[in-house]
Amino acid sequence: MLVTVATYSFPHEAHIAKGQLEAVDIPAFVADEHTINMQWLYSNAMGGVRLQVPEEFAAQAIEVLKEPVEMEHIPDSEFGPEPESAVCPHCGGELGEPYMAGRYPALVGLLFLGLPLWRIKKVQKCLSCGKTTKAV
């Protein structure tokens, strides 16, 4: 007989917990995940996605789920070197994060005329002088 040891609002949360249990050789099953995937608004009404284990593993499973999940540390060297910050060609200051310029005028043109009349460009704004330059 299966016993519900935890409930979750979303299926992915239940699968993470299921992985925790399976890592210590506790068989686990996720119930109602497909119903919640199709109609997520039913999640609270149905009691959420249920994580179930055989009755003899219930106490051990609850103890395992109480422990925090430890993520494996990946050294920074595996991701490569840090990217260098971009420099403004106008003043030599630091450039901010890239963003898409011209989105809103293009959207307005698309809504009213059916054509995006303005070009959308990826640019970066200088944090010092405020001028924009083409994103690198």
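The values are calculated or read from the model by the stated rules, or taken from the named source; none is laboratory data. Bear in mind that the values here come from a model prediction, so they are computed numbers and not experimental data. Neighbour counts run over all protein chains shown; Cβ positions are idealised from the backbone, glycine included.
Details
- Residue that is nearest to residue 31 (Cα to Cα), among those in the stretch 43-73 that are small (Gly, Ala, Ser) and free of Cβ contacts under 8 Å to residues at least 12 places away in the same chain: 45
- Residue match in the stretch 1-19 (condition: loosely packed, with under 10 Cβ neighbours inside 10 Å, assigned to a loop (DSSP other than H, G, I, E, B) and at pLDDT below 95): yes
Residue-wise test of (1) assigned to a loop (DSSP other than H, G, I, E, B); (2) modelled with pLDDT of 80 or more.
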site: 82; (1), (2): yes, no
site: 92; (1), (2): yes, yes
site: 107; (1), (2): no, yes
site: 116; (1), (2): yes, no
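- As for the stretch 66-73, it holds at least one residue that is of a type in the set (D, E, K, R), at pLDDT 80 or above and not in a strand (DSSP E or B).
- Among residues of the stretch 121-136 that are outside any strand (DSSP E or B), those with a beta-carbon under 8 Å from a residue that is among the basic types (Lys, Arg) at least six positions away or on a different chain give the pairs 131/125; 135/122.
- Of all the residues in the stretch 38-55, those that are loosely packed, with under 12 Cβ neighbours inside 10 Å and in a helix (DSSP H, G or I) number 5.
- Answer residue from the stretch 97-136, given it is touching a Gly at 6+ places or on another chain (Cβ under 9 Å) and among the basic types (Lys, Arg) and is nearest to residue 86 (Cα to Cα) among those: 125
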